[in-house]
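Report on the following structure.
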Amino acid sequence: MNISDDLQGMSLALQWAAKGMFSTTPNPRVGCVIVKDRQVIGAGHTQPPGQAHAEVQALRDAAARGADVRGATVYVTLEPCSHFGRTPPCADALIAAGVGRVVAAIGDPNPLVAGQGLAKLRAAGIDTLCGVLEHEAHEINIGFFSRMQRGRPWVRMKAAASLDGKTALHNGQSQWITSAVARQDGHRWRARACAILSGIGTVNADNPQLNVRGIDTPRQPQRIVVDSRLQLNPQARVLDGGGTWVIAAQPNAEKEAALRARGAEIILLPNPQGKVDLPALMLELGRRQINELHLEAGYKLNGSLIREGCVDELLLYLAPDLLGDAQGLFDLPRLDSLEGRRALSFHEVTQIDTDLRILARFK
């Protein structure tokens, strides 16, 4: 492939970064392309934790092709790391390889890097440039940036509803409001998340698995249930396979023991009202290296999360029908003035089969 400029080189690197969409967490999704004489001589993306980063993968690819990377230009979607983590610094690998130029899409927000990777490259005499397709690079790692800069994950609330904003009939029936194609698309969003969270009301009513199905993914997201009073049935499917995090507010030794016997971890985070402290939960998930959190809960927990300022964006699938007097999307307080409304901006609107997918972000 002929690479004629930096935009084209970085666009290709972003395509490689997307190959790690479901596998790199908690590390960022990074792509790298090595170009010499306008030809791609190496490419790669970050592997699962503990394995090679994108730059090393691209250098290995170039070596496998028998290509000489000395003097080449490297396009990487995130500033090369400069510290020892699970793997050695990528900046050192690029210096040792003798590349001539490194173009990064965006700086690394990790305080252990934060400009030091590019500085190390410049000190070694390598020409550097940062900021090519920066917005796109931020988007693909929006959760990693959120965790590094705010200490909490990027929180995406997913819901499927009719055109009049109803998620279930008055009797609770909701399967299925949207099309099979839309539901499969929703599983892709699940797959990219580090964790899927629901509430005890939804879990007791629907007995969901809270996993990714019908999508080829190398890992399953962490499952989380918000259950203030530990009402979760120990036989619930969400506990199958173990490892589920149950977030509670009121301790109960007998119930905790039953859930732990099913492999669950109990995390107590009470607020003064005896319910789960949701903002504290977001910080705890950040501490546990959750980059993107995918919410699929009922209208009560949805409303509480929005009221507590815990939601960054809405992922809504709207079906072209009307359900009338039925359950709504969010349990939010009645307003007496439009000044109290919560403002969002449309980030993306796409038709998925017969339905509409809306990605809207809180301002």
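The values are calculated or read from the model by the stated rules, or taken from the named source; none is laboratory data. As the structure is a prediction and not an experimental result, all values here were calculated from the model. Cβ coordinates were reconstructed from backbone atoms using ideal geometry, including for glycine residues, and neighbour counts include every protein chain displayed. Protein only, heavy atoms only, side chains kept; ligands, DNA and RNA dropped before computing areas. Shrake-Rupley method; radii C 1.70, N 1.55, O 1.52, S 1.80 Å.
Go ahead and set up a Gaussian network model of the chain, Cα springs under 10 Å, then flag whichever of Ser146, Ser174, Ser345 fluctuates most. Greatest mean-square fluctuation among the candidates belongs to Ser345. Can you give the helix-only mean residue ellipticity at 222 nm for the chain, where every DSSP H stretch with n ≥ 4 adds -39500 (n - 2.57) and the sum goes over all residues, rounded to the nearest 500 deg cm²/dmol? Dividing the helical sum by the residues of the chain leaves -8000 deg cm²/dmol. Along the charge dipole of the chain, pointing to its positive end and built from +1/-1 on Cβ of Lys, Arg, Asp and Glu, which listed residue (Gly263, Cys194, Leu278) has its Cα farthest out? Result: Gly263. For the peptides 37-43, 215-221, the ranking by packing is 37-43, 215-221, with the highest mean count of neighbouring Cβ atoms within 10 Å listed first.
With a cut-off of 11 Å between beta carbons, the residues surrounding Gly20 carry a summed charge of +3, where Lys and Arg count +1 and Asp and Glu -1. Out of every Cα-Cα pair that the range 133-244 contains, those further apart than 17 angstrom amount to 65 percent.
Counting only residues at least eight positions apart within a chain, or on another chain, the aspartates and glutamates with an alpha carbon under 17 Å from that of Lys36 are Asp5, Asp6, Glu55, Asp61, Asp68, Asp127. Spacing of the modelled spin labels on Glu308 and His138, each 7 Å from Cα toward Cβ, amounts to 2.7 nm. Using a probe of 1.4 angstrom and keeping all protein chains present, the accessible surface of the range 110-225 works out to 44 square angstrom per residue. With the whole protein complex present, Tyr299 retains an accessible surface near 90 Å², based on a 1.4 Å probe. Looking at the chain as a GNM with Cα springs under 10 Å, which of Ala195, Ala257, Ala137 has the largest mean-square fluctuation? Evaluated over the chain, the most mobile residue of the options is Ala257. Along the axis of the charge dipole computed for the range 223-348 (Cβ charges of +1 for Lys and Arg, -1 for Asp and Glu, origin at the Cα centre), the listed residues Ile290, Leu239, Ala326 are led at the positive end by Leu239.
Extension gain, Gln149 to His347: 0.36 nm times the residue separation minus the Cα-Cα distance gives 69.2 nm.
Charging the Cβ of each Asp and Glu at -1 and of each Lys and Arg at +1, and nothing else, the dipole of the chain about its Cα centre rounds to 640 debye.
Considering only Phe144, Phe346, Phe22, the mean-square fluctuation computed in a Gaussian network model of the chain, springs between alpha carbons under 10 angstrom, is largest for Phe346. Considering only protein heavy atoms and a probe of 1.4 Å, how much of the accessible area of the chain is carbon and sulfur, as a whole percent? Whole-percent figure for carbon plus sulfur exposure: 49. Summarising the label geometry, the points placed 7 Å from Cα in the beta-carbon direction at Ala205 and Arg70 lie 6.7 nm from one another. Temperature 4 °C, viscosity 1.567 mPa s: under these conditions the Stokes-Einstein estimate for the range 224-295, based on its Kirkwood radius over C-alpha pairs, is 104 µm² per second.
Can you give the % of DSSP beta bridges in the chain that are antiparallel, to the nearest 5? Bridges in the chain are about 45 percent antiparallel. Note on the range 268-359: Cα-only Rg and Dmax are 15.7, 45 Å.
Check cross-link reach from Lys166 to the lysines: straight Cα distance under 18 Å, and skip same-chain residues fewer than eight apart. Lys166 reaches Lys158, Lys300.
Whole-percent P(r), the chain, all Cα pairs, 10 Å bins from 0: 5, 22, 28, 22, 15, 7, 1.
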